[in-house]
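In what follows, a single structure is set out as structure tokens and then discussed.
The values are calculated or read from the model by the stated rules, or taken from the named source; none is laboratory data. Given the structure is predicted, the values throughout are model-derived calculations rather than measurements. For neighbour counting, all protein chains shown are included, and Cβ atoms are generated from backbone atoms with ideal geometry for every residue, glycine included. In case anyone asks, the SASA skips ligands and DNA or RNA and just uses the protein heavy atoms, side chains included. Shrake-Rupley method; radii C 1.70, N 1.55, O 1.52, S 1.80 Å.
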Amino acid sequence: MSSETVVTILCGLAILVGVAGTIIPVLPGSVLIGVSLLAWAIWGGAGTAGWVVFAVAMIFVAAGMTAGAVLTGRKLKQHAIPSRSIVVALVAGVVGMFIIPVVGLFVGFAAGLLASEFLRTRNFTTAARSSWAALKATGVGMLAEFGLACLAASTWVIGVWIAAANG
């Protein structure tokens, strides 16, 4: 097996982990995809096609990261959810990750967000409503980043096919 084949396989696995990481916050996401694309362009043996694939796929990666942040931030501002509540939710999510394996991150994030919003508003219904809005905003951002990460991965797969056909 050639070194280019090994690099291609390793980059493919890393891209797969990166795509999963856009949904599973414990795993690295879009940044891992970008680094893998760069590694494949440098050492994958695809030549110019590798750099074209890198450029096109990085547009998708950057768009996904931006869309995730912008969509989430815009919704949080629309619902007047302060940054403090999000920070508390993130800390509770990290703590939850160690207390409840597998789902603790999500449970801790939601519980921390609800608790922070309840302390802020002193009304459970309002806290639940704003927490649900924040969770939906986070989900929309993750979904946008996941979709664009899948497009970046698909671009890489097409690039691998083209490189194999020309190689």
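Output the residues belonging to the range 19-33 that are among the aliphatic types (A, V, I, L, M) and either open to solvent by 20 Å² or more (accessible area, probe 1.4 Å) or under 8 Å from the mean Cα position of the chain (by Cα) (or both).
Scanning the range 19-33 gives 19, 20, 23, 24, 26, 27, 31, 32.
Which one is nearest to residue 143 (Cα to Cα) among residues in the range 96-121 that are open to solvent by 70 Å² or more (accessible area, probe 1.4 Å) and assigned to a helix (DSSP H, G or I)?
106
Right, residue 65: within 15 Å of residue 25 (Cα to Cα), open to solvent by 40 Å² or more (accessible area, probe 1.4 Å) and touching a residue at least 24 places away in the same chain (Cβ under 8 Å) or not?
Taking the combined requirement at face value, the residue satisfies it.
Could you go through the range 11-18 and let me know if any residue there is modelled with pLDDT of 90 or more, closer than 11 Å to residue 149 by Cβ, touching a helix residue (DSSP H, G or I) at 6+ places or on another chain (Cβ under 6 Å) and buried (at least 17 other Cβ atoms within 10 Å of the Cβ).
yes
Note down all Cβ pairs under 9 Å where the first residue falls in the range 124-147 and is free of Cβ contacts under 8 Å to residues at least 24 places away in the same chain and within 15 Å of residue 25 (Cβ to Cβ), the second is open to solvent by 30 Å² or more (accessible area, probe 1.4 Å) and not basic (Lys, Arg), and they're at least six residues apart or on different chains.
Close Cβ pairs (under 9 Å, with a partner that is open to solvent by 30 Å² or more (accessible area, probe 1.4 Å) and not basic (Lys, Arg)) amount to 143/23; 143/71.
Looking only at the range 37-58, how many residues end up being part of a helix (DSSP H, G or I), of a type in the set (Gly, Ala, Ser) and either within 12 Å of residue 11 (Cα to Cα) or touching a helix residue (DSSP H, G or I) at 6+ places or on another chain (Cβ under 7 Å) (or both)?
So the count comes out to 5.
Among the residues of the range 136-153 satisfying the criterion of being over 11 Å from the mean Cα position of the chain (by Cα) and open to solvent by 60 Å² or more (accessible area, probe 1.4 Å), which is nearest to residue 35 (Cα to Cα)?
151
Of the residues that sit in the range 34-75 and are among the hydroxyl-bearing types (Ser, Thr, Tyr) and at pLDDT below 95, which one is farthest from the chain's Cα centre (by Cα)?
Top of the filtered list is 48.
Assigned to a helix (DSSP H, G or I) and not hydrophobic (A, V, I, L, M, F, W, C): does that describe residue 18?
Criteria met by residue 18.
Which of the following residues is aliphatic (A, V, I, L, M) and touching a residue at least 24 places away in the same chain (Cβ under 8 Å): 81, 59, 24?
One residue alone meets the criteria, 81.
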